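The values are calculated or read from the model by the stated rules, or taken from the named source; none is laboratory data. Given the structure is predicted, the values throughout are model-derived calculations rather than measurements. Reconstructed Cβ throughout: ideal geometry from the backbone, glycine too, with neighbour counts over all protein chains shown.
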Amino acid sequence: MNDITRVLQDMGQGLPAASDDLLPLVYDELRRLAAIRMAQESAGQTLQPTALVHEAWLQLSGSGGRNWQSRAHFFGAAADAMRRILIDKARRKARLKHGGGQARLNVDELDLAQTTPDDNVLLINDAVQALEKEDPEQARVVVLKFFAGLTNEEAAESLGVSERTARRQWECAKAWIFQWIQDQHK
């Protein structure tokens, strides 16, 4: 059993110092995942990987009573937290950008090539939510790869499937999402 798994089990048993022990063990990996994800953001991005990790950590550790079964389960929860943070940030920026009193854009006139990175994040999130209704496993792969920046190998470990299965689900999910976005903007 590695140190992370041991500390996660201690947290599940309610040991008070366990949460303090976990952050140093997972920080570098969370920072690496955040840096990969943030590299996909626009050049004017104000949120830095370190800030993303800290916000995600506050969400993960602040809810108390968490019981992660494994390292993979924890990093999956971290991916979800990062996703929520990025989506909330994109929504805030979209509200400011498209705020009150401005003329609404006709969706039929939308050119996907002209969408901003924040718009893309929201669009992908909407697609993932639609995909979750049809294939939750594929949607989970998208969250892990797109929002957390995991590799196929890391996503497979997190999901408890083979790397080949994760890669196949990712390819199918990308095709599904592309078609969904096309259908939404006809």
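With respect to residue 113, determine if the residue is of a type in the set (A, V, I, L, M, F, W, C), closer than 25 Å to residue 36 by Cα and either modelled with pLDDT of 80 or more or in contact with a helix residue (DSSP H, G or I) (Cβ under 6 Å, 6 or more places away or on another chain) (or both).
no
The set of residues in segment 74-105 being buried (at least 17 other Cβ atoms within 10 Å of the Cβ), modelled with pLDDT of 80 or more and of a type outside the set (A, V, I, L, M, F, W, C) consists of 76, 80, 83, 89.
The set of residues in segment 156-178 that are crowded, with 21+ Cβ neighbours inside 10 Å and at pLDDT below 90 comprises 158, 177. What do you reckon, is residue 24 surrounded by fewer than 16 Cβ atoms within 10 Å (Cβ to Cβ) and part of a helix (DSSP H, G or I)? Taking the combined requirement at face value, the residue satisfies it.
Inclusion of residue 119 among residues that are of a type in the set (Asp, Glu) and either at pLDDT 80 or above or under 30 Å from residue 15 (Cβ atoms) (or both) is not warranted.
Residue 50 passes every criterion in (1) modelled with pLDDT under 80; (2) touching a Lys or Arg at 6+ places or on another chain (Cβ under 7 Å); (3) surrounded by fewer than 17 Cβ atoms within 10 Å (Cβ to Cβ) apart from (1).
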